[in-house]
1. From the cross-link list Lys154/Lys218; Lys180/Lys245; Lys30/Lys195, which pairs have alpha carbons spaced over 32 Å apart?
2. Place a point 7 Å from the Cα of Lys52 along the Cα-to-Cβ direction; which residues of region 143-165 have their backbone N under 16 Å from it?
3. Which net charge results for the neighbourhood of Tyr130, defined as the other residues with beta-carbon distances under 14 angstrom from its beta-carbon, given Lys and Arg at +1 and Asp and Glu at -1?
4. Which percent, to the nearest 5, of DSSP beta bridges fully inside the chain are antiparallel?
5. Please compare each pair in Lys285/Lys317; Lys91/Lys228; Lys51/Lys103 to a cut-off of 30 Å on the Cα-Cα distance and tell me which ones are over it.
6. Let me check against my output: what whole-number percent is the relative contact order of region 242-319, with C-alpha pairs under 8 Å and at least 6 apart?
7. Could you work out the relative contact order of the chain, using alpha carbon pairs under 8 angstrom and six or more residues apart, expressed as a whole percent?
8. Tell me the trypsin sites (Lys or Arg not before Pro) within region 38-89 that lie in a loop according to DSSP and have at most 16 other beta-carbon atoms within 10 Å.
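Values quoted throughout were computed directly from the atomic coordinates according to the rules given, and no laboratory measurement underlies them. This is a predicted model, so every value here is computed, not measured. Cβ coordinates were reconstructed from backbone atoms using ideal geometry, including for glycine residues, and neighbour counts include every protein chain displayed.
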Amino acid sequence: MLFWVLALLILCGFLWNYKGQLKITDITDKYIFITGCDTGFGNLAARTFDKKGFRVIAACLTESGSTALKEETSERLHTVLLDVTDPESVKRTAQWVKNQAGKKGLWGLINNAGVLGVLAPTDWLTVEDYREPIEVNLFGLISVTLNMLPLVKKARGRVINVSSIGGRIAFSGGGYAPSKYAVEAFNDSLRRDMKAFDVHVACIEPGLFKTDLSDPVKTTERKLTIWKRLSPDIKQQYGEGYIEKSLDKLKGTTSFVNMDLSLVVECMDHALTSLFPKTHYAAGKDAKTFWIPLSHMPAVLQDFLLLKQKVELANPKAV
């Protein structure tokens, strides 16, 4: 009996794996729109999907990013300047994409644009410190999606939202994790609403990757700027050497940072081209082996493991 159970499980695993490898055909007539293509995941995705034969429309924030991308890609790829936080910019871009795609509609919308914002203890921050990541990562993503959705519905295509392990675990204070938690909620409701239109919605949750977004120098500079404006009471509670000790702790986690950005692009590729795309993709060894499993654990265990990485405060009872 055990033999047949094992045989059935092996067969089911084989069929599941085979199903995941089935791909769509005729990608050369399909348009995809990607945000945040100046650098990082978006830039690599634009170059990768251009080589595959898709008709890529890459949204860049800067003219320099747009120019550099054009130099590395074919004539099929088009770039457009887009600030996802500017409603008029989003509307103009959506109309431009509609004119480009015509009756075919938009096969793929990849919401990749994002910022990290300030990462610091919550009691260091003001409401304004939360605003930028929430405006870009959440409202910008929603704005682009709502404006492009009629084109995606026309093509019965795919929406791919790049979230983060920060949408599962709030590993630091600041607006990044709240924005990504909200992206996960938006993604879930959108996925269910779009099923009736044969539009598939997927969410990618990258772990820690070496990109411009996670530049440790910029992160430290932002933290130092916040530190300088803190009240004497808070500085006394944390201690003058707090930031330096935090950086030392951070150096011990560099081995967990993923260097290969293609791991995220491979998830995008599967979500775009598979006949049976997944609803969620974890990208990076740290996401698969630590962050995602941790997100399913009891809060007491989450707190214990994450607080072990925190620096001990000098005098938390000082007032």
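1. Numbers: Lys154/Lys218 41 Å; Lys180/Lys245 27 Å; Lys30/Lys195 20 Å.
Over 32 Å Cα-Cα: Lys154/Lys218.
2. Within reach of a label on Lys52, which here means backbone N under 16 Å from a point 7 Å along Cα→Cβ, region 143-165 contributes 157-162.
3. Values: positive: Arg131, Lys180, Arg222; negative: Asp123, Glu128, Asp129, Glu132, Glu135.
Counting the neighbours of Tyr130, the net charge comes to -2.
4. Percentage antiparallel, nearest 5: 5.
5. Violating the 30 Å Cα-Cα cut-off are Lys285/Lys317; Lys91/Lys228.
6. Here the relative contact order equals 40 percent.
7. Values: 521 pairs, mean separation 57.1, N = 319.
Worked out over the chain, it gives 18 percent.
8. Arg76
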